[in-house]
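Here the structure is laid out as structure tokens; the discussion comes afterwards.
The values are calculated or read from the model by the stated rules, or taken from the named source; none is laboratory data. Not measured: the values here are computed from a predicted model. Please note: Cβ atoms are built from the backbone with ideal geometry, for glycine as well, and neighbour counts cover all protein chains shown.
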Amino acid sequence: MAGQSDYFDKVAQTVVECDKDACIRTLKEGLDKKVDPLEILEKGLGKGIKQVGDDFGSGKCFLPELIGAADVMKEGVAVLDEKIKASGKTRQSQGKIVIGTVKGDIHDIGKSVVAAVLQANGYDVVDLGIDVEDATFVKAAQEHKANCVAMSTLLTLTIQNMGVVIQKLKEAGIRNQVKVIVGGAPVTQEFADGIGADAFGHDAADAVRKMKVLLGR
Ligand code: B1M
């Protein structure tokens, strides 16, 4: 598609303006022209929501705008999600992952993107949702015989809950049976090392790269 960067800017602008109809219309235009859905997500929708987040952080916009933009982003992700999942070529399962946003945190867009991209890459993904209790991660890992527990958070306030889950996995005696990967805006490699996680994913594509190394497949 000619002028892809203009196209991504146009997608981003629909999020900034909280214009759901324009967003869906613009996404469909791109998909019809075979623009990569993951690129639309990261360079278009992602850019728009980041702009709104920065404006919110600096007091240029307020919670209603943040909520409105997040709604548009979610609708947009749902349109792209199907295409991203369908792009998975692998049939044989590469492993089972339970994923969720940790207790106290209701941000679900990034976690859902990571889940969709892992699924597209052949992993069986059990999405526990948002505000997930520590014990729920442990129970789900046991019930689903998961190979990996994946945790997301966007809040500095809740980041420590990732370490708590790792502690609970140890107490349940299953820490050596499951790998742990963590990610989300405030999470760093240093933090992941500090709490004893096996890996840190910078973004969805990085999460897949790390997962391949972790599960050796
Ligand atoms: Co909130 N919010 N928010 N928010 N929000 C942030 C995170 C914030 C940085 C905004 C700001 O102040 N500039 C700030 C956090 C500050 C901090 O703690 N450091 C913040 C705040 C303060 C809050 C509230 C407390 C606001 C309030 O109520 N006063 C509140 C939280 C309530 C709670 O959770 N208890 C709140 C609420 C909300 C909304 C509900 C309005 C909405 C979320 C809607 C939803 O998710 N359904 C929202 C949004 C949209 C944002 C921003 C603008 C965007 C987040 C997003 O969806 N990004 C965000 C600012 C920002 O990020 N610039 C902000 C797009 C998404 C694709 O990216 O989630 O980063 P992201 O995921 C990426 C990577 O991080 C990574 O891969 C993903 C794909 O590339 N990744 C992983 C994520 N998880 C991973 C896991 C992995 C690997 C990679 O392995 C397991």
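Summary of computed values
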quantity: Flag if LYS83 is in contact with a helix residue (DSSP H, G or I) (Cβ under 9 Å, 6 or more places away or on another chain), at pLDDT 95 or above and crowded, with 17+ Cβ neighbours inside 10 Å; calculated: no
quantity: Any chance LYS34 is without any contact (Cβ under 8 Å) to a residue 40 or more places away in the chain, at positive phi and either exposed (fewer than 15 other Cβ atoms within 10 Å of the Cβ) or among the small types (Gly, Ala, Ser) (or both); calculated: yes
quantity: Pick from region 141-161, criterion assigned to a helix (DSSP H, G or I) and crowded, with 18+ Cβ neighbours inside 10 Å, ranking: nearest to the ligand (Cβ to nearest atom); calculated: ASN161
quantity: Single condition GLY95 does not satisfy, out of (1) farther than 25 Å from GLU143 by Cβ; (2) at pLDDT 90 or above; (3) surrounded by fewer than 20 Cβ atoms within 10 Å (Cβ to Cβ); calculated: (1)
quantity: Only listed residue being outside any helix (DSSP H, G or I) and either among the charged types (D, E, K, R) or in contact with a Ser or Thr (Cβ under 9 Å, 6 or more places away or on another chain) (or both), chosen from LYS34, LYS43, LYS28, LYS47; calculated: LYS34
quantity: Subset of region 47-59 that is touching a helix residue (DSSP H, G or I) at 6+ places or on another chain (Cβ under 8 Å) and either surrounded by fewer than 16 Cβ atoms within 10 Å (Cβ to Cβ) or not basic (Lys, Arg) (or both) - its residue that is modelled with the lowest pLDDT; calculated: GLY53
